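Everything below concerns the one structure shown next.
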Amino acid sequence: MKTYSDFDSKFRFVIVASKRAKQLLKGSKPKLESKSKNLIRIAQEEVLQGLVEYEIVDSLAEELKVSEEKMFIGEELNIDVEDVKEGVEKAEKEVAAKLKKEKTPEETIQEAVKKKVRKKVSEKKQ
């Protein structure tokens with residue numbers, strides 16, 4: 001059995017082979033002849049034989065630093081912290097009020113039972 005010695009980890013092998021398999025599934029021509037008709041197996045064989053080129057891209061740390069410099073902060077947007085706090089408190093109160101209005105399933109069942117009982121009682125009185 002062939003080894004994955006050209007790769008620094010078995011995970012990298014899987015990533016490269018899966019990307020090559022996607023290319024084959026989309027219509028790329030195989031780089032070797034194989035007994036297998038399974039495109040995933042063909043991709044694995046190609047990667048093991050070194051027929052698939054790949055590049056390890058460095059982390060995006062530099063790009064992240066650049067994007068952090070472009071971020072807006074509260075002063076640039078002229079946002080008053082007190083206004084934000086008031087807005088949050090108002091929203092919390094509205095949510096709390098809505099939650100109090102909602103009935104639990106037990107309350108809903110109790111009301112339905114009471115309605116039926118009242119209806120039966122009123123029908124008997126007539």
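No value in this document is a laboratory result; all are computed from the given coordinates. Everything numeric in this text was worked out from a predicted model, so none of it was measured. Virtual Cβ from ideal backbone geometry, glycine too; neighbours counted across all protein chains shown.
Rounded to the nearest whole angstrom, the semi-axes of the ellipsoid equivalent to the stretch 75-125, taken from the Cα gyration tensor as √(5λ), stand at 49, 9, 6, largest first. Projecting the Cα atoms of 110, 96, 121 onto the charge dipole of the stretch 75-125, computed from C-beta unit charges around the Cα centre, puts 121 farthest toward the positive end.
Expressed as a whole percent, the proportion of Cα-Cα pairs in the stretch 1-56 lying more than 15 Å apart is 41%. Only Lys, Arg, Asp and Glu carry charge here, each on its Cβ (+1 for the first two, -1 for the last two); on that basis the stretch 87-126 has a dipole of about 520 debye about its Cα centre.
A simple count of charges around residue 12, restricted to other residues whose Cβ falls under 14 Å of its Cβ and scoring Lys, Arg +1 and Asp, Glu -1, yields -1. Listing 118, 20 from fewest to most neighbouring C-beta atoms within 10 Å gives 118, 20. Panel order for 46, 123, 86, by other beta carbons found within 10 Å of each beta carbon, from fewest to most: 123, 86, 46. Karplus-derived 3J(HN,Hα) values for the stretch 42-58, using 6.51 cos²θ - 1.76 cosθ + 1.60 with θ = phi - 60°, are 4, 4, 4, 5, 4, 5, 4, 7, x, 7, 10, 8, 8, 10, 8, 8, 5 Hz; glycine and proline are entered as x.
With the charge dipole of the stretch 1-56 set up from +1 on Lys and Arg Cβ and -1 on Asp and Glu Cβ about the Cα centre, the Cα lying farthest toward the positive end among the listed residues 9, 51, 38 is that of 38.
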